[in-house]
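**Q** Got a structure here, written out as structure tokens. Questions coming.
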Amino acid sequence: MVDTTDDLSAPLGQNPAPRRRLRLPFTLPQAIAALLGLVLVAFLGFALFNHDPLGGEPTARVAIRQPATSEEKPAAVPPASKPAGAAATANSQPEAGQKTITIIDGSSGARQNVVVAGGDSGMAGGDVAPSTMAGIDQRLLEKSRYGMIPVAAADGSKPFKAYAMGTDADRAKAATMPVVAIVVGGLGVGAAKTVDAIMKLPSAVTLGFTPYGSDPARLVERARAQRHEVLLEVPMEPYDYPDNDPGPQTLLTTLGTEQNIDRLYWHLSRFQGYVGLANFMGSRFVAANAVMQPVIREAAKRGLGYLDDGSTPRSVAAQLAEGQAMPFAKADLTIDTVPTSVAIDKALARLEDLAKERGVAIGMASALPVSIDRIGIWTKALESRGMMLVPLTTAMLKSKSS
């Protein structure tokens, strides 16, 4: 073996120094972690700075085609051969008050023509105009920007009296014995439960309708045909608003008088034939004199009564209504706070006791099946116990005279 110069000059008993190898400044796991970090940063940057809130969602473009006027009618097109099934589409021409919309699929571009009803903001569901409902006195209507709303006539006629269902004979009888009025509220949203209340409850039970639902006017018309008195329940601000939101056009303590009255007109226009207003929720609103006073004043001016649902001890409605000399009542209790047969029966018995003590008692209820069932059974034997079930207007008038 031939020794090199390096070997000869190396110290005895020591190995030569190893040759240097190229080393990377990071390990393989570190490189993978860095790459994943870059991917995450890029994803977060896209999510934060991309301003398309519907990114990734399927889209569709809708073109509304207004019916052509006589001056804009297209030229006649000669008949052409149609594929099978095209005849059905051709026959689906829009009728008066309807519109044709073309739905365009955003991904495939496929088009489909659909005929829809052309509703009016002043009409309930685009079907029945409130002013054309059966039994509506046209003298008791006034035009607003939302449609027709109730008003007292020049001759002194008022909706409160015109739409009351009690007869003079009933009122004379009620003056001689204790009376009970029941108001079932929250109707109009949910046609099935509303129809159940209309058809299954005695006609003397008063029905409260919210301004919502697809067709409140037709349901109110049906209720009045069954001789039920009707109230309009106006959504008002509760204490936990907006977590607890009554619905669109709610009257709010944060709005000015002009804005709240404008919203009130929207509610008033939704249907007609009601004898008065009631609060729908509204624990904060009905306790605030500054915002409640204009509403009561407006209702009184239009010949309406007012029912306080009794849920808020701090309500100022009673004092304000007295100042306007308008028909008023406050509910004594809600009979189905606990929605069981036993609890409802006890509440109805309590209502009877109150009527015996005061001469008049008013109960509130919702349109739960159990509530409708127990009220129906309770009323059958009511007169045999020396009590009379009356519409709300009769109870209001008796309370005012007593």
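**Q** Here's a check for you: in segment 278-304, which residue that is touching a strand residue (DSSP E or B) at 6+ places or on another chain (Cβ under 6 Å) and assigned to a helix (DSSP H, G or I) is farthest from Met326 (Cα to Cα)?
**A** The selected residue is Phe285.
**Q** Just the residues that are open to solvent by less than 20 Å² (accessible area, probe 1.4 Å) and of a type in the set (A, V, I, L, M), please, taken from segment 321-346.
**A** Ala321, Met326, Ala329, Ala331, Ile335, Ile344, listed by residue number.
**Q** Further, regarding this structure: So, in segment 264-274, exactly how many residues are in a loop (DSSP other than H, G, I, E, B) and touching a strand residue (DSSP E or B) at 6+ places or on another chain (Cβ under 6 Å)?
**A** Matching residues across segment 264-274 total 5.
**Q** Run Val189 past the list (1) of a type in the set (Val, Ile, Thr); (2) under 23 Å from Phe328 (Cβ atoms); (3) assigned to a loop (DSSP other than H, G, I, E, B) and report the number of the one that doesn't hold.
**A** Against the list (1) of a type in the set (Val, Ile, Thr); (2) under 23 Å from Phe328 (Cβ atoms); (3) assigned to a loop (DSSP other than H, G, I, E, B), Val189 comes up short only on (2).
**Q** Additional query: When you scan segment 349-369, do you find a residue that is part of a helix (DSSP H, G or I), among the β-branched types (Val, Ile, Thr) and in contact with a strand residue (DSSP E or B) (Cβ under 9 Å, 6 or more places away or on another chain), even just one?
**A** no
**Q** While we're here: May I ask you to verify whether Pro202 is part of a loop (DSSP other than H, G, I, E, B) and not hydrophobic (A, V, I, L, M, F, W, C)?
**A** yes
**Q** Does Asn289 count as polar (S, T, N, Q) and open to solvent by less than 30 Å² (accessible area, probe 1.4 Å)?
**A** no
**Q** Does any residue of segment 256-263 turn out to be in contact with a helix residue (DSSP H, G or I) (Cβ under 7 Å, 6 or more places away or on another chain), part of a loop (DSSP other than H, G, I, E, B), open to solvent by less than 30 Å² (accessible area, probe 1.4 Å) and under 24 Å from Ala329 (Cβ atoms)?
**A** Looking for residues that are in contact with a helix residue (DSSP H, G or I) (Cβ under 7 Å, 6 or more places away or on another chain), part of a loop (DSSP other than H, G, I, E, B), open to solvent by less than 30 Å² (accessible area, probe 1.4 Å) and under 24 Å from Ala329 (Cβ atoms), one finds none in segment 256-263, hence no.
**Q** Any residue at all in segment 310-317 that's in a helix (DSSP H, G or I) and buried (at least 17 other Cβ atoms within 10 Å of the Cβ)?
**A** Start the filter on segment 310-317 by keeping residues that are in a helix (DSSP H, G or I), which leaves 317.
Narrowing the set further to residues that are buried (at least 17 other Cβ atoms within 10 Å of the Cβ) leaves 317.
Checked segment 310-317: at least one residue is in a helix (DSSP H, G or I) and buried (at least 17 other Cβ atoms within 10 Å of the Cβ).
**Q** Looking at the structure I just gave you, is Ser315 over 27 Å from Arg222 (Cβ atoms) and touching a helix residue (DSSP H, G or I) at 6+ places or on another chain (Cβ under 9 Å)?
**A** yes
**Q** With respect to Gly305, is the statement that it is modelled with pLDDT of 95 or more, out of contact with any Asp or Glu (no Cβ under 9 Å at 6 or more places or on another chain) and crowded, with 19+ Cβ neighbours inside 10 Å true?
**A** yes
**Q** List the number of the failed condition for Arg218; all other conditions in (1) open to solvent by 40 Å² or more (accessible area, probe 1.4 Å); (2) in contact (Cβ under 8 Å) with a residue 24 or more places away in the chain; (3) out of contact with any strand residue (DSSP E or B) (no Cβ under 6 Å at 6 or more places or on another chain) hold.
**A** Looking at each condition in turn, Arg218 falls short on (3).
**Q** If you don't mind, another one. Out of segment 121-150, which residues are surrounded by fewer than 20 Cβ atoms within 10 Å (Cβ to Cβ), at pLDDT 95 or above and among the hydrophobic types (A, V, I, L, M, F, W, C)?
**A** The answer is Leu141, and nothing else.
The values are calculated or read from the model by the stated rules, or taken from the named source; none is laboratory data. All values reported here derive from a predicted model rather than from experimental measurement. Note that we place each Cβ from the backbone using ideal geometry, even for glycine, and neighbour counts take in every protein chain shown. SASA here: full protein model, heavy atoms, side chains in, ligands and nucleic acids out. Shrake-Rupley method; radii C 1.70, N 1.55, O 1.52, S 1.80 Å.
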